[in-house]
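Visitor: Attaching a single structure in structure tokens format; questions to follow.
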2 protein chains.
Amino acid sequence: ENRLPGYATHQIGVAGAVVDESNGKVLVVQDRNKTKNAWKFPGGLSDPGEDIGATAVREVLEETGVRSEFRSLLSIRQQHQHPGAFGMSDLYLICRLSPLSFSINFCPQECLRCEWLPLEELSRTSHTTPITSRVSRLLLLGLERGFHHIDLSMEEMPAVYSGLFYQLYHRPLAD
Amino acid sequence: ENRLPGYATHQIGVAGAVVDESNGKVLVVQDRNKTKNAWKFPGGLSDPGEDIGATAVREVLEETGVRSEFRSLLSIRQQHQHPGAFGMSDLYLICRLSPLSFSINFCPQECLRCEWLPLEELSRTSHTTPITSRVSRLLLLGLERGFHHIDLSMEEMPAVYSGLFYQLYHRPLAD
């Protein structure tokens, strides 16, 4: 790409929606320090140099004790003048994860509650955020018709000049 | 979301793939200051506070003289230690745009060549970048089977606490 040197303008936050396909439940938390007790997907800020999927898996483990693996990217939100980013912009990505363990051992400093909640229930409750509600409806569609309807798949590709790898996300090319 | 204050770690670059659906052609450029003459989609860095779609439309106009409008988000690349970002990370997004004008009046400071190229040709040529080649195949799939197979659609939603709006991208909930 033809670009002049720039500077960082965005912080990256990532949440993980861990879906148990055997029973249609998803792992949700309620934050300790919020007035409204809204169910949301566990997540947090990316560390410098950390891949999107790695942030999701790490934050889910830290907050809930559940081990998981990255499956796809589901949604992206861009927000400017984010209150938690000192007036900078925020890019918030929600990933779909598969569970590798199921026992909840949540972090009491961060979470008030943590549960495996039926996606059906999450998609109908008012005790959630607009984005969580939207993504729960998306995940229900995936459960019913197949996740290939809602997923962006990821592929690692070699960067020509640096020898490093980058991650490319887009819709699958073949069904 | 439950997050400690962070800081910006990523620069945001956006490219626009302007597709003329009437003839299956897409607007591509060759950069002036590159050794290899590779076709790519016009694009560049987001200005602070600028929405992803706005960057795509602005960069396409500045580089090629073609007016366009945002349709969807197609692909995201995350790259760390980006050479053009002073060692920070880079998030590069490719949007699908529709043309509002067709006459090319390209910027000779930035571009060596600018053409409406058949997507079929772009998807087969070796004179392009791996990402451009990949996205051209994705766009061909969209032309053949409908863009709803490859698009992330965008919706503006009100932020609860700030009164501002944010943009949310995901797969359409209904077909």
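The values are calculated or read from the model by the stated rules, or taken from the named source; none is laboratory data. The shown structure was predicted, so the numbers you read here are calculated from the model rather than taken from an experiment. Reconstructed Cβ throughout: ideal geometry from the backbone, glycine too, with neighbour counts over all protein chains shown. Only protein heavy atoms, including side chains, enter the accessible area calculation; ligands, DNA and RNA are left aside. Shrake-Rupley method; radii C 1.70, N 1.55, O 1.52, S 1.80 Å.
Visitor: If R₀ is 22 angstrom, what is the calculated FRET efficiency for the pair residue A:153 and residue B:127, using the beta carbon separation as r and rounding to 0.05? Don't skip to the answer; put the middle values down first.
Guide: Details: r = 27 Å, r/R0 = 1.21.
Calculated transfer efficiency: 0.25.
Visitor: Ratio of the stretch B:109-174's C-alpha Rg to 2.2 N^0.38 Å, to two decimals? Walk me through the numbers on the way to the answer.
Guide: Numbers: Rg = 17.2 Å, N = 66, 2.2 N^0.38 = 10.8 Å.
Ratio of Rg to 2.2 N^0.38 Å for the stretch B:109-174: 1.59.
Visitor: Per DSSP helix of 4 or more residues, -39500 (n - 2.57); summed, then divided by the residues of the protein assembly as shown. What does that give at 222 nm, rounded to the nearest 500? Mind dumping the intermediate values first?
Guide: Numbers: 6 runs with 66 residues, N = 350.
Value at 222 nm, helices only: -5500 deg cm²/dmol.
Visitor: Compute the acute angle (0 to 90°) between the alpha-carbon long axis of helix A:52-64 and the principal axis of greatest extent of the alpha-carbon atoms of chain A; round to the nearest 10°.
Guide: Around 30 degrees separate the two axes.
Visitor: Okay, next question. Out of B:49, B:37, B:119, whose Cα points farthest toward the positive end of the dipole of chain B (charges: +1 Lys, Arg; -1 Asp, Glu; placed on Cβ)?
Guide: Toward the positive end, the furthest listed residue is B:37.
Visitor: Something else: List the chymotrypsin sites (Phe, Trp or Tyr not before Pro) in the stretch A:122-167 that DSSP assigns to loop (not H, G, I, E or B) and whose Cβ has at most 13 other Cβ atoms within 10 Å. Which are they?
Guide: On the way: sites: A:147, A:161, A:165, A:166; in loops: A:161.
Taking the stretch A:122-167 and a limit of 13 other Cβ atoms within 10 Å, the loop chymotrypsin sites (Phe, Trp or Tyr not before Pro) found are A:161.
Visitor: Can you work out D for the stretch A:58-108 in µm² s⁻¹ from Stokes-Einstein, where Rh is the Kirkwood radius over C-alpha pairs, the temperature is 20 °C and the viscosity is 1.002 mPa s?
Guide: Values: Rh = 12.7 Å.
So the translational diffusion coefficient is about 169 µm²/s.
Visitor: How much length, in nm to one decimal, is gained on full extension between residue A:104 and residue A:164, taken as 0.36 nm per residue of separation minus their Cα-Cα distance? The partial results should precede the final answer.
Guide: Numbers: separation 60, 0.36 × 60 = 21.60 nm, distance 3.59 nm.
Taking 0.36 nm per residue and subtracting the Cα distance, the gain is 18.0 nm.
Visitor: Ignoring ligands, DNA and RNA, what accessible area per residue does chain B give at 1.4 Å, in Å²? Mind dumping the intermediate values first?
Guide: On the way: 7450 Å² over 175 residues.
Averaged over the residues of chain B, the accessible area is 43 Å².
Visitor: Here's something else I'd like to know. Measure nothing but the geometry: give the 0 to 90° angle between the long axis through the Cα atoms of A:130-145 and the longest principal axis through the Cα atoms of chain A, rounded to 10°.
Guide: 90
Visitor: Continuing with the same structure: With no solvent and one equal point scatterer per Cα, compute the Debye intensity ratio I(q)/I(0) for chain A at 0.09, 0.15 Å⁻¹ and report its log10, rounded to two decimals.
Guide: Ignoring solvent entirely, the Cα scatterers give -0.33, -0.89.
Visitor: Give the carbon-plus-sulfur fraction of the accessible surface of chain B in %, rounded to a whole number; probe 1.4 Å, heavy atoms of protein chains only.
Guide: On the way: 3880 of 7450 Å².
Here it works out to 52 percent.
Visitor: What is the dipole size for chain B, taken about its Cα centre, with +1 at each Lys and Arg Cβ and -1 at each Asp and Glu Cβ, in debye to the nearest 20?
Guide: On the way: 17 positive and 21 negative charges, 120 e Å.
It comes to approximately 580 debye.
Visitor: Continuing with this model, one more query. Between residue A:113 and residue A:37, what is 0.36 nm times their sequence separation minus the Cα-Cα distance? Round to one decimal in nm.
Guide: Details: separation 76, 0.36 × 76 = 27.36 nm, distance 0.92 nm.
Net length gain for the segment: 26.4 nm.
Visitor: Which value, in debye to the nearest 20, describes the size of the charge dipole of the protein assembly as shown about its Cα centre when Lys and Arg Cβ atoms bear +1, Asp and Glu Cβ atoms bear -1, and nothing else is charged? Please report the intermediate quantities before stating the final value.
Guide: Values: 34 positive and 42 negative charges, 14 e Å.
The dipole of the protein assembly as shown has a size of about 60 debye.
Visitor: Next question, about the same structure. What does the highest-first list of A:20-26, A:8-14 look like by mean Cβ count within 10 Å?
Guide: Averaged packing, sorted descending, gives the order A:8-14, A:20-26.
Visitor: At a threshold of 8 angstrom on Cα-Cα distance, excluding pairs fewer than six apart, so keeping six or more, what relative contact order does the stretch B:56-122 reach in percent? Display every interim value, and only then the final one.
Guide: Values: 100 pairs, mean separation 23.5, N = 67.
It rounds to 35 percent for the stretch B:56-122.
Visitor: Hey, could you pull the Cα Rg and Dmax for the protein assembly as shown, both in Å?
Guide: Gyration radius and largest Cα-Cα distance of the protein assembly as shown: 20.2, 61 Å.
Visitor: Give the B-A buried accessible area in Å², both sides summed, 1.4 Å probe, nearest 100. Before the final figure, lay out the partial values.
Guide: Numbers: alone 10640 and 10660 Å², together 14910 Å².
For chain B against chain A, roughly 6400 Å² becomes buried.
Visitor: Magnitude of the Cβ-charge dipole of the stretch B:73-175, K/R +1 and D/E -1, about the Cα centre, nearest 20 debye?
Guide: My answer is approximately 260 debye.
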